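Contents: one structure, followed by commentary.
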Amino acid sequence: MAFFQDPPRLAHAFHDDRVLRSYLARALPEDARREAIPALEALGELASGELFERMVEHRAIEPRLITWDAWGHRVDRIEVTPTWKEARRIACEVGIVGTPYEGKFGEHARPLQAALIYLFHPSTDTYTCPLAMTDGAARTLLSHRNTALIDRAVARLVSRRPDEAWTSGQWMTERTGGSDVEQTETIARKDESGGYRLYGTKWFTSAITSEMALTLARPEGNGPGSRGLALFYLETRDEHGRPNGLLVNRLKDKLGTRKLPTAELTLDGALATPVAGLSDGVRAIAPMLNITRYWNSVCAISGMRRGLALARDYARRRRAFGALLSERPLHLDTLADVQAEYEAAFHLVLFTAELLGREEAGVATDEETRLLRLVTPLAKLTTGKQTVAAASEILEAFGGAGYVEDTGLPALLRDAQVLPIWEGTTNVLSLDVLRVVAKEGSLPALLGKIEALVGTARDGELSEAGASALAAVRRAAAWLGEGGRDPLAVEAGARRFALTLGRSLELAALVRHAQWSIDHERDGRARAAALRFARHGVDLLGAGGDLAGARALANDEALGVEQERG
Ligand SMILES: Cc1cc2nc3c(=O)[nH]c(=O)nc-3n(C[C@H](O)[C@H](O)[C@H](O)COP(=O)(O)OP(=O)(O)OC[C@H]3O[C@@H](n4cnc5c(N)ncnc54)[C@H](O)[C@@H]3O)c2cc1C
């Protein structure tokens, strides 16, 4: 008989997920958990069953832009994939965006929502992108208390009814840049009726199928820079279903997230409404960015978990050199390293969700609110890097099959690669972390939190691992505070500084969970993950860092050497 390799299979995405279930057992009160679990079970079943199978089956179907109808009218219609149509319905019915706005779970609504996103994301072709922006738009409109826009849009954005629900876009990036948005060229011009019309080009607009968007434009006459920009609300179609002064120039041909239509747009007189005055638009859109960065972090851990579930199953089916891969010590060691990174990332992200939930429920202390502002970019930038590294290792765990398209595996890596790029690149967020630390003095709050988390450990080795997290953050604080440090050297070290904080907080959160799991579940797996993660290292500030060397290496410029004195 010729040999045919058994493909990997997914077990039930919720029942099989020890890390998620253990977290919920620790962090959610009994009544909230009992109430939430049926929805998580149902979504888990879909995610590892029908949705996953269909996603792989429809692997080659991509969205299409239909620019003209048969009779020559410009229509700019996007045909989305079957998975997207299904995902839209499921997301509404499950309340993935709605849950935090319904008031039912109080401060636990965000961790619960994170669990829903986490189960939903890897089987729905990046439909989480429009959902994230929809959540962000609802939060932004609410936080600006713009009653007219709230009445018009919020109930639709958070609706559980697919026939009335809206999604939202977030249009910031222009040809001039996505990080440096103060160069935005879009102009807002008053028309004869006193309304605003937008003129410009948006260079990356994902989820172009959305019914509305929040976008930046410079009201005519405003000065340069980010203060001269304003935040605008617009609907993509008028009451007759015609485009609202928008032309879809083309869809981007992207490395990954290929099922997500990302367009280049011309705004040619799009009717728009200011959300929060006629200036300070970048500040005004901050609530949107905080929410989408939190979603990004959840998607990062979700992708890691999916890859691991597939690789773990495959290792039990694939034989090499006379034994199953699941019995080969080196293969096990390799997967264990990825698992440890994932578990640490998981607990950081859920910790972020807890802070967000507490803030929105109005029960966060001032210190927690400050911490949230710091932890949101930390979680996004730290998990964004981890998920790409994990996806690469996961593909390798399948050997050649990991590189072959119709296994569905390569998408794991391609789709992961966007997570460190959009919603703020690693460097841009690292600089944001520096700003937050300087402006809000949040390092003591972080240190206090890490101390409290690692202080729960009674197991000797866990305590030691926790101590290494605390020591790393103390060293980072000292590094930043060293008198007279060259500001350029601080800027050059921003990424290493931020990753040190992010990884240390990951370790502390994992240590706390590991001790709980030992005590309440008699389970040593989280402990093993914490010890392994600690061995990977959390302090990244030690190495490198000299500016002259960095310039010479990055630009490949000459670098002299000092003559040894004889
Ligand atoms: C698939 C996809 C979908 C997207 N969808 C949307 C969308 O819906 N809406 C939207 O508004 N945007 C969207 N974007 C755009 C995205 O948010 C930006 O591409 C991203 O923020 C980076 O901006 P940029 O492309 O201008 O890169 P740049 O800012 O030019 O960055 C280039 C490099 O320079 C680094 N860098 C930049 N500034 C600094 C600095 N001061 N110090 C050190 N390093 C620095 C960056 O880290 C990066 O490595 C999407 C992008 C992708 C890939």
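The values are calculated or read from the model by the stated rules, or taken from the named source; none is laboratory data. Predicted model only: the values in this text are computed from it and were never measured. Note that we place each Cβ from the backbone using ideal geometry, even for glycine, and neighbour counts take in every protein chain shown. Surface accessibility is based on the protein's heavy atoms, side chains included, excluding ligands, DNA and RNA. Shrake-Rupley method; radii C 1.70, N 1.55, O 1.52, S 1.80 Å.
At a glance:
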quantity: Reachable aspartates and glutamates, given that their alpha-carbon falls under 15 Å from the alpha-carbon of Lys439 and they are not under 8 places away in the same chain; calculated: Asp366, Glu367
quantity: Theoretical FRET efficiency, 1/(1+(r/R0)^6), r = Cβ-Cβ of His73 and Ile421, R0 41 Å, to 0.05; calculated: 0.70
quantity: Spatially proximal lysines relative to Lys190 (Cα-Cα < 28 Å; intrachain offsets below 8 disregarded); calculated: Lys202
quantity: Around Leu40: net Lys/Arg minus Asp/Glu count, Cβ-Cβ under 11 Å; calculated: -2
quantity: Where only C-alpha atoms are counted, convex hull volume of the range 1-121 per residue in Å³; calculated: 147 Å³
quantity: Exposed chymotrypsin sites (Phe, Trp or Tyr not before Pro) absent: longest stretch of the chain, with sites in DSSP loops and at most 13 other Cβ within 10 Å deemed exposed; calculated: 72-320
quantity: The range 223-280 versus the range 382-399: alpha-carbon centroid distance in Å; calculated: 34 Å
quantity: Ratio Rg/Rh [Cα only; Rh per Kirkwood] for the range 277-403; calculated: 1.15
quantity: Under 21 Å from Lys385, Cα to Cα: lysines that are on another chain or at least 8 residues apart; calculated: Lys254
quantity: Accessible area in the full protein assembly, largest first, 1.4 Å probe, for Leu214, Leu46; calculated: Leu46, Leu214
quantity: Qualifying GluC sites (Glu not before Pro) for the range 234-337 [loop in DSSP, other Cβ within 10 Å: at most 13]; calculated: Glu239
quantity: Computed [θ] at 222 nm, helices only, for the chain once each DSSP H run of length n ≥ 4 contributes -39500 (n - 2.57); calculated: -17000 deg cm²/dmol
quantity: Area of Arg435 that stays accessible when all protein chains are in place (1.4 Å probe, Å², to 10); calculated: 140 Å²
quantity: Largest to smallest accessible area among Ile208, Ile37, Ile450 [probe 1.4 Å]; calculated: Ile37, Ile208, Ile450
quantity: Global size of the chain as Cα Rg and Dmax, reported in angstrom; calculated: 24.2, 86
quantity: Per-residue HN-Hα couplings for the range 207-220 [Karplus 6.51, -1.76, 1.60; θ = phi - 60°; Hz; x = Gly/Pro]; calculated: 6, 5, 7, 5, 7, 9, 8, 10, 8, 9, 7, 9, x, 3
quantity: Heavy-atom accessible area ranking, 1.4 Å probe, most first, across Val75, Val511; calculated: Val75, Val511
